[in-house]
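The values are calculated or read from the model by the stated rules, or taken from the named source; none is laboratory data. These numbers were taken from a predicted model, which means no experiment stands behind them. FYI the Cβ positions are ideal-geometry reconstructions off the backbone, even for glycines, and counts take in every protein chain you see.
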Amino acid sequence: MEWHSNDAQILASIDRDIDSHIFPPAEYEIVRRVIYATADFEYKSLIHFSDGALEAGATALSLRQPVVVDVSMVKAAIAQKIQKTFINPVYCALDSVISSANNIDIDKNNPNKTIAALGTEVLAKPYPQGIFVIGQSPTALNVLISLIENKLVNPGLIIATPPEFAGLESKKQILQKFTVPHIITRSTKGNAAIASAICEGLIDLAWQVYGKVS
């Protein structure tokens, strides 16, 4: 994002209230962007980075791996920055189902599968090593986890921030069961704005490294 004087004041305020030294510098950049987007300092302890997550995400961006998002809000938030940097294709699960409704084989055995979940499944098949950003839909994340369990996809990075309620522990499953690089919110809190902030921060960090040699 382009920072203005008011943004700088807000970021300075965040820096005064958080001991940045408890984070690696790159992770702190992501954390402060999420706090900036939400005005919620609790996220300083809720965002979890798997080992090497940012490096893996930066590598996937540099390789022009597709970015698959669950909702259009995330796509709209990152599309312009992607086009100015790595030019990765960005696909939205909801849009893919809506635009191809007549050509998608609906799962008759699971008629309650959400559109976001169905779209994620459809897009995961041709882009198994893509970056998957699930900002809003727990069911889309559950589908992605099932595909990983069945060794049908091996994402370059998962960013997962959907709100979750009792009985839906998909983010914890990623944390505990898989070695796939991931950035998640470890709580019931979450939304697409957080995923967007993480993505924007990751793109900027990756461009600082790879943009110089692209």
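Odds and ends about this structure:
- The C-beta contact set for the range 46-60 (first residue within 17 Å of residue 28 (Cβ to Cβ), second residue small (Gly, Ala, Ser), distance under 6 angstrom, 6+ apart or interchain) comprises 46/187; 54/26; 58/206.
- Number of the exception - residue 48 against (1) out of contact with any strand residue (DSSP E or B) (no Cβ under 7 Å at 6 or more places or on another chain); (2) modelled with pLDDT under 95: (1)
Residues are listed down the side, and each one gets a yes or a no for (1) touching an Asp or Glu at 6+ places or on another chain (Cβ under 6 Å); (2) over 17 Å from residue 88 (Cβ atoms); (3) crowded, with 16+ Cβ neighbours inside 10 Å; (4) modelled with pLDDT under 90:
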| residue | (1), (2), (3), (4) |
| --- | --- |
| 155 | no, no, yes, no |
| 161 | no, yes, yes, no |
| 165 | no, yes, no, yes |
| 171 | no, yes, yes, yes |
| 196 | no, no, yes, no |
| 201 | yes, no, yes, no |
| 208 | no, no, no, no |
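- Leading residue by the ranking (nearest to residue 122 (Cα to Cα)) among those in the range 32-68 that are part of a helix (DSSP H, G or I) and touching a Phe, Trp or Tyr at 6+ places or on another chain (Cβ under 6 Å): 61
- Test for residue 139: is it closer than 15 Å to residue 92 by Cβ and free of Cβ contacts under 8 Å to residues at least 60 places away in the same chain: no
- There is at least one residue in the range 87-95 that is assigned to a helix (DSSP H, G or I) and surrounded by 22 or more Cβ atoms within 10 Å (Cβ to Cβ).
- Criterion: surrounded by fewer than 21 Cβ atoms within 10 Å (Cβ to Cβ) and over 27 Å from residue 11 (Cβ atoms) - qualifying residue of 191, 150: 150
- Here residue 17 passes the criteria (1) of a type outside the set (A, V, I, L, M, F, W, C); (2) farther than 23 Å from residue 187 by Cβ; (3) in contact (Cβ under 8 Å) with a residue 12 or more places away in the chain except the one numbered (2).
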